[in-house]
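Undergrad: Below is a structure I'd like to ask you about.
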Amino acid sequence: MKKTLLSLIATAAMSATALAADVKPALVYGTGGKFDKSFNEAAFAGAERFKKETGTDYRDFEPKDDTQGEQAIRNFASRGFNPVVAVSFAWTSAMEKVAKEYPDTKFVIVDSVVDLKNVRSVLYKEEEGSYLVGLLAGMASKTGKVGFIGGMDIPLIRKFGCGYVQGVKAAKADAQVFQNMTGTTGAAWNDPVRGGELTKNQIDQGADVIYAAAGATGLGVLQTAADNKKLSIGVDSNQNHLHPGSVLTSMVKRVDLAVYNAYNDLKNDKFTAGIQSLGVKEDGVAAAIDNNNKSLITPQMQAAVDKAKADIIAGTVKVHDYMTNNSCPK
């Protein structure tokens, strides 16, 4: 009996070791750089949280251009990393190829859908979060003119802009919203100088609140707004602290959760493939309010955001998703 018990314990220990060995996390960023203070840095924060809580290290890679994503994903998979998380729609075709080649490896892609049995696709309802910050922009604007600076001109970023416009108009029906995109290639995510130029142009037209959805390019937007004593809105990560008293709010997109949950779910043998869609209800997107911007948020603004959140969750406010028909309500 004693020998049998020892055998069972040994078997259980080996099983636990085998399960732990399966968790060898890897992370491939988008082309904006790990420390973009925005999208990629949110992913980094999720990986760091997992490392801190579990003691399990991870490997990551920063592609410099659109050709390096597939190489990085395949390299991690071939070396036994599991799960492999890629945080950009740009890696969609790469993920489709590599995930088929390594069916026993778990993969996660953020901001796109790859329909394979070993891939989790994490999407966000950016239109909902952008609606909330747009509502604040409309209420904060003194000129009735606000701006939006996008990164790469793609439907996903148009989705941010469309949600923002709807929120602005909910606050001020006659408000004017200027919109500019930074470029049409991956370089648009990492051009703060151009972001600053576009911001100054919008300010010159009367905009006094400018929302940046442009990765590291947005750092130029926030800086230029601060330099001109105008308000800005950050994106993805909470950027309120970058220019306290100038950043009205940030549209927080919880990319950190996508990364953390992927690693933690596999560790706990709870990983599932398929599509996850995270909005206001799931705490996937939000308007950040903290000590850095609370002086800019009046009680009326806070009440309006709270009501809008409740209405979105209840379904009484439905924010149009630009990507459903590639158009935005007038």
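Undergrad: Report, ordered by the first and then the second residue, all pairs with beta carbons closer than 7 Å, sequence separation of six or more or different chains, a first member in the stretch 146-157 that is assigned to a loop (DSSP other than H, G, I, E, B), and a second member that is β-branched (Val, Ile, Thr).
TA: Listed by first residue and then by second, the contacts come to ASP153/THR184.
Undergrad: Considering every residue within the stretch 63-81, establish whether at least one is within 19 Å of ASP256 (Cα to Cα) and basic (Lys, Arg).
TA: no
Undergrad: Kindly indicate whether any position in the stretch 87-94 is modelled with pLDDT of 95 or more, in contact with a helix residue (DSSP H, G or I) (Cβ under 7 Å, 6 or more places away or on another chain) and under 29 Å from LEU222 (Cβ atoms).
TA: yes
Undergrad: Can you tell which of ILE289, ILE312 is open to solvent by 10 Å² or more (accessible area, probe 1.4 Å), without any contact (Cβ under 8 Å) to a residue 60 or more places away in the chain and aliphatic (A, V, I, L, M)?
TA: ILE289
Undergrad: Since PHE35 meets every condition but one in (1) in contact (Cβ under 8 Å) with a residue 24 or more places away in the chain; (2) surrounded by fewer than 17 Cβ atoms within 10 Å (Cβ to Cβ); (3) part of a loop (DSSP other than H, G, I, E, B), which condition does it not meet?
TA: (1)
Undergrad: Right, here's the next one. So, in the stretch 262-271, of the ones that are charged (D, E, K, R) and either in contact (Cβ under 8 Å) with a residue 60 or more places away in the chain or not in a loop (DSSP other than H, G, I, E, B) (or both), which residue ends up most open to solvent (accessible area, probe 1.4 Å)?
TA: Looking at the filtered set, the residue picked out is ASP269.
Undergrad: Among the residues of the stretch 272-282, is any within 15 Å of LEU248 (Cβ to Cβ) and surrounded by 15 or more Cβ atoms within 10 Å (Cβ to Cβ)?
TA: No; the residues of the stretch 272-282 include none that is within 15 Å of LEU248 (Cβ to Cβ) and surrounded by 15 or more Cβ atoms within 10 Å (Cβ to Cβ).
Undergrad: Pick from the stretch 131-176 the residues that are among the hydroxyl-bearing types (Ser, Thr, Tyr) and out of contact with any strand residue (DSSP E or B) (no Cβ under 7 Å at 6 or more places or on another chain): which of them is surrounded by the fewest Cβ atoms within 10 Å (Cβ to Cβ)?
TA: Within the stretch 131-176, the match that is surrounded by the fewest Cβ atoms within 10 Å (Cβ to Cβ) is THR143.
Undergrad: Out of everything in the stretch 238-266 that is closer than 15 Å to VAL110 by Cβ and of a type in the set (Val, Ile, Thr), what residue ends up being farthest from the chain's Cα centre (by Cα)?
TA: So the residue we want is VAL259.
Undergrad: I've got another one for you. Take LYS281 and tell me if it is at pLDDT 95 or above, of a type in the set (Lys, Arg) and under 22 Å from VAL119 (Cα atoms).
TA: No.
Undergrad: Would you pick out the residues in the stretch 33-58 that are farther than 16 Å from GLY151 by Cα and of a type in the set (Ser, Thr, Tyr)?
TA: THR54, THR56, TYR58
Undergrad: Okay, moving on. Taking the stretch 59-111, which residues are surrounded by fewer than 19 Cβ atoms within 10 Å (Cβ to Cβ) and not charged (D, E, K, R)?
TA: Answer for the stretch 59-111, where residues must be surrounded by fewer than 19 Cβ atoms within 10 Å (Cβ to Cβ) and not charged (D, E, K, R): PHE61, THR67, GLN68, GLN71, ASN75, SER78, GLY80, PHE89, THR92, SER93, PRO103.
Undergrad: With the requirement that a residue be among the aromatic types (Phe, Trp, Tyr) and part of a helix (DSSP H, G or I), what does the stretch 122-145 give you?
TA: The answer is TYR131, and nothing else.
The values are calculated or read from the model by the stated rules, or taken from the named source; none is laboratory data. In this text, all values refer to a predicted model and were calculated from it rather than measured experimentally. All Cβ positions, even for glycine, are placed from backbone atoms using ideal geometry, and neighbour counts span all protein chains on display. Side chains are part of the model used for accessible areas, which takes the heavy atoms of the whole protein and leaves out ligands, DNA and RNA. Shrake-Rupley method; radii C 1.70, N 1.55, O 1.52, S 1.80 Å.
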